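First the structure, in the form of C-alpha coordinates, and then the observations on it.
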Amino acid sequence: MELPEGWEWIKLSDVAEKVGSGATPRGGSESYKAEGIPLIRSMNVHFNGLKLDGLAYLDDKQANELKNVEVKENDVLLNITGASIGRVTQAPDTMEGARVNQHVCIIRTHFTLDTNFLSRYLASPIVQGWIMAEEYGATRQALTKQMILNFDIPLPPLNEQKRIVAKIEELRERSQKARSHLSAIPNLCDKWVAT
(Lines give C-alpha, C1' and ligand atoms only; values in the text may rest on other atoms or scores of the structure.)
Protein backbone atom coordinates (compact mmCIF):
# COMPACT_ATOMS: atom_id res chain seq x y z
CA MET A 1 0.00 0.00 0.00
CA GLU A 2 1.33 3.40 -0.97
CA LEU A 3 1.59 5.92 1.85
CA PRO A 4 1.09 9.69 1.73
CA GLU A 5 4.12 11.88 1.28
CA GLY A 6 6.17 12.16 4.47
CA TRP A 7 4.98 8.79 5.80
CA GLU A 8 7.05 5.62 5.85
CA TRP A 9 6.59 1.94 6.66
CA ILE A 10 8.55 0.74 9.67
CA LYS A 11 8.69 -2.41 11.74
CA LEU A 12 7.51 -2.03 15.33
CA SER A 13 10.97 -3.28 16.33
CA ASP A 14 12.42 -0.05 14.85
CA VAL A 15 10.74 2.09 17.52
CA ALA A 16 10.03 -0.33 20.38
CA GLU A 17 11.66 0.37 23.72
CA LYS A 18 9.87 -2.58 25.33
CA VAL A 19 7.79 -5.52 24.13
CA GLY A 20 7.08 -8.17 26.71
CA SER A 21 4.50 -10.09 28.70
CA GLY A 22 4.49 -11.23 32.30
CA ALA A 23 3.46 -14.31 34.22
CA THR A 24 0.96 -15.58 36.74
CA PRO A 25 2.46 -15.75 40.24
CA ARG A 26 3.07 -19.16 41.79
CA GLY A 27 -0.17 -20.55 43.11
CA GLY A 28 -2.26 -18.99 40.33
CA SER A 29 -5.45 -17.15 41.23
CA GLU A 30 -5.28 -18.56 44.78
CA SER A 31 -2.23 -16.35 45.36
CA TYR A 32 -3.96 -13.06 44.45
CA LYS A 33 -4.46 -10.48 47.17
CA ALA A 34 -7.47 -8.29 48.00
CA GLU A 35 -5.31 -5.18 47.57
CA GLY A 36 -1.80 -4.23 46.61
CA ILE A 37 -0.15 -3.82 43.21
CA PRO A 38 -2.57 -4.39 40.31
CA LEU A 39 -2.04 -7.34 37.95
CA ILE A 40 -3.60 -6.63 34.57
CA ARG A 41 -4.99 -9.72 32.86
CA SER A 42 -6.56 -10.19 29.42
CA MET A 43 -10.04 -9.85 30.93
CA ASN A 44 -9.15 -6.25 31.87
CA VAL A 45 -7.95 -5.18 28.39
CA HIS A 46 -10.73 -3.91 26.10
CA PHE A 47 -10.78 -1.73 23.00
CA ASN A 48 -12.56 1.07 24.84
CA GLY A 49 -10.26 1.10 27.84
CA LEU A 50 -9.08 -0.86 30.82
CA LYS A 51 -11.88 -2.56 32.76
CA LEU A 52 -11.15 -2.81 36.47
CA ASP A 53 -13.79 -5.48 37.20
CA GLY A 54 -11.95 -8.58 38.32
CA LEU A 55 -8.62 -6.79 38.63
CA ALA A 56 -6.19 -8.99 40.58
CA TYR A 57 -3.64 -7.69 43.10
CA LEU A 58 -0.16 -8.78 44.12
CA ASP A 59 1.88 -8.23 47.26
CA ASP A 60 5.30 -6.57 47.07
CA LYS A 61 7.17 -9.88 46.82
CA GLN A 62 5.03 -11.14 43.93
CA ALA A 63 5.26 -7.78 42.16
CA ASN A 64 9.03 -7.73 42.57
CA GLU A 65 9.22 -11.07 40.74
CA LEU A 66 7.45 -9.34 37.82
CA LYS A 67 9.38 -6.06 37.95
CA ASN A 68 10.47 -6.51 34.31
CA VAL A 69 6.82 -6.05 33.24
CA GLU A 70 6.02 -2.94 35.21
CA VAL A 71 3.40 -0.82 33.46
CA LYS A 72 4.01 2.84 32.72
CA GLU A 73 1.38 5.41 31.82
CA ASN A 74 0.41 5.24 28.13
CA ASP A 75 1.97 1.82 27.55
CA VAL A 76 0.03 -0.02 24.86
CA LEU A 77 -1.46 -3.22 26.31
CA LEU A 78 -2.20 -5.97 23.79
CA ASN A 79 -3.90 -9.31 24.50
CA ILE A 80 -1.74 -11.97 22.90
CA THR A 81 -3.57 -15.26 23.58
CA GLY A 82 -6.99 -16.85 23.71
CA ALA A 83 -10.43 -15.66 22.69
CA SER A 84 -9.61 -11.99 23.38
CA ILE A 85 -6.45 -12.02 21.24
CA GLY A 86 -5.90 -8.62 19.63
CA ARG A 87 -7.83 -6.51 22.12
CA VAL A 88 -5.75 -3.43 22.76
CA THR A 89 -5.83 -0.31 24.93
CA GLN A 90 -3.53 2.11 26.70
CA ALA A 91 -2.55 2.10 30.33
CA PRO A 92 -4.01 5.09 32.21
CA ASP A 93 -1.90 6.97 34.76
CA THR A 94 -3.77 5.16 37.55
CA MET A 95 -2.12 1.89 36.45
CA GLU A 96 1.44 3.22 36.71
CA GLY A 97 3.43 0.47 38.48
CA ALA A 98 0.94 -2.33 37.76
CA ARG A 99 2.15 -5.63 36.31
CA VAL A 100 0.79 -7.79 33.46
CA ASN A 101 0.35 -11.53 33.24
CA GLN A 102 1.46 -13.81 30.40
CA HIS A 103 -1.65 -13.09 28.30
CA VAL A 104 -0.98 -9.34 28.04
CA CYS A 105 1.94 -7.73 26.23
CA ILE A 106 3.32 -4.30 27.10
CA ILE A 107 4.39 -2.27 24.07
CA ARG A 108 6.40 0.85 24.88
CA THR A 109 7.75 2.92 22.01
CA HIS A 110 10.24 5.65 21.24
CA PHE A 111 8.68 9.13 21.12
CA THR A 112 8.62 9.08 17.29
CA LEU A 113 5.60 6.75 17.44
CA ASP A 114 2.76 8.18 19.50
CA THR A 115 1.21 5.44 21.64
CA ASN A 116 -2.31 6.82 21.04
CA PHE A 117 -1.72 6.43 17.31
CA LEU A 118 -0.23 2.94 17.73
CA SER A 119 -3.10 1.76 19.94
CA ARG A 120 -5.69 2.92 17.43
CA TYR A 121 -3.75 1.44 14.51
CA LEU A 122 -3.55 -1.95 16.27
CA ALA A 123 -7.32 -1.76 16.90
CA SER A 124 -8.02 -1.01 13.21
CA PRO A 125 -9.95 -3.56 11.13
CA ILE A 126 -6.88 -4.19 8.95
CA VAL A 127 -4.63 -5.19 11.85
CA GLN A 128 -7.40 -7.04 13.69
CA GLY A 129 -8.06 -9.01 10.50
CA TRP A 130 -4.39 -9.89 10.29
CA ILE A 131 -4.28 -10.96 13.95
CA MET A 132 -7.35 -13.15 13.50
CA ALA A 133 -6.10 -14.64 10.21
CA GLU A 134 -5.89 -18.41 10.31
CA GLU A 135 -2.11 -18.57 10.42
CA TYR A 136 -1.95 -16.39 13.55
CA GLY A 137 -5.17 -16.20 15.51
CA ALA A 138 -7.63 -18.94 14.72
CA THR A 139 -5.36 -21.95 15.04
CA ARG A 140 -2.64 -21.02 17.49
CA GLN A 141 -4.51 -18.25 19.29
CA ALA A 142 -1.23 -16.65 20.26
CA LEU A 143 0.95 -13.77 19.18
CA THR A 144 4.64 -14.17 19.88
CA LYS A 145 7.04 -11.37 20.74
CA GLN A 146 8.68 -11.80 17.33
CA MET A 147 5.34 -11.46 15.52
CA ILE A 148 4.66 -8.23 17.40
CA LEU A 149 8.13 -6.85 16.68
CA ASN A 150 7.52 -7.60 12.98
CA PHE A 151 4.25 -5.64 12.80
CA ASP A 152 4.36 -3.21 9.85
CA ILE A 153 3.45 0.25 11.08
CA PRO A 154 2.70 3.27 8.87
CA LEU A 155 4.64 6.14 10.42
CA PRO A 156 3.41 9.65 9.65
CA PRO A 157 5.16 12.71 11.09
CA LEU A 158 4.42 13.07 14.81
CA ASN A 159 2.11 16.09 14.41
CA GLU A 160 0.11 14.13 11.81
CA GLN A 161 -0.18 11.17 14.22
CA LYS A 162 -1.62 13.51 16.86
CA ARG A 163 -4.04 15.06 14.32
CA ILE A 164 -5.27 11.60 13.26
CA VAL A 165 -5.83 10.56 16.89
CA ALA A 166 -7.74 13.79 17.60
CA LYS A 167 -9.97 13.19 14.56
CA ILE A 168 -10.64 9.57 15.57
CA GLU A 169 -11.57 10.75 19.07
CA GLU A 170 -13.89 13.42 17.66
CA LEU A 171 -15.63 10.84 15.45
CA ARG A 172 -15.90 8.40 18.38
CA GLU A 173 -17.62 11.08 20.49
CA ARG A 174 -20.03 11.88 17.65
CA SER A 175 -20.81 8.20 17.25
CA GLN A 176 -21.54 7.85 20.97
CA LYS A 177 -23.87 10.88 20.86
CA ALA A 178 -25.68 9.44 17.83
CA ARG A 179 -26.10 6.09 19.59
CA SER A 180 -27.45 7.87 22.65
CA HIS A 181 -29.98 9.80 20.56
CA LEU A 182 -31.02 6.65 18.70
CA SER A 183 -31.55 4.75 21.95
CA ALA A 184 -33.97 7.48 23.07
CA ILE A 185 -36.24 6.98 20.04
CA PRO A 186 -38.24 4.00 21.42
CA ASN A 187 -39.12 6.04 24.54
CA LEU A 188 -40.17 9.01 22.40
CA CYS A 189 -42.32 6.71 20.23
CA ASP A 190 -43.95 5.22 23.33
CA LYS A 191 -44.75 8.70 24.63
CA TRP A 192 -46.13 9.77 21.24
CA VAL A 193 -48.32 6.66 20.96
CA ALA A 194 -49.61 7.13 24.52
CA THR A 195 -50.83 10.67 23.80
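The values are calculated or read from the model by the stated rules, or taken from the named source; none is laboratory data. These numbers were taken from a predicted model, which means no experiment stands behind them. Counting neighbours? That spans all protein chains shown, and the Cβs are built from the backbone with ideal geometry, glycine included.
Numbers at a glance
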| read-out | value |
| --- | --- |
| Matching residues, the stretch 89-136, being basic (Lys, Arg) and closer than 17 Å to residue 12 by Cα | 108, 120 |
| First in the stretch 158-182 and outside the structural domain of residue 119 (by TED's automatic domain parsing), second anywhere and of a type in the set (D, E, K, R), Cβ under 6 Å, 6 or more apart | 161/114; 168/120 |
| Lone unmet requirement of (1) free of Cβ contacts under 8 Å to residues at least 60 places away in the same chain; (2) over 22 Å from residue 144 (Cβ atoms) for residue 37 | (1) |
| Residue check, residue 54 under 20 Å from residue 156 (Cβ atoms), touching a helix residue (DSSP H, G or I) at 6+ places or on another chain (Cβ under 8 Å) and among the small types (Gly, Ala, Ser) | no |
| Candidate set: the stretch 67-87, residues that are among the aliphatic types (A, V, I, L, M) and under 11 Å from the mean Cα position of the chain (by Cα); chosen: the one nearest to residue 120 (Cα to Cα) | 76 |
| Residues (at pLDDT below 85 and of a type in the set (A, V, I, L, M, F, W, C)) located in the stretch 156-186 | 171, 178, 182, 184, 185 |
| Residue satisfying condition, being modelled with pLDDT under 95 and either touching a Cys at 6+ places or on another chain (Cβ under 6 Å) or closer than 18 Å to residue 21 by Cβ (or both), within set 97, 86, 82 | 82 |
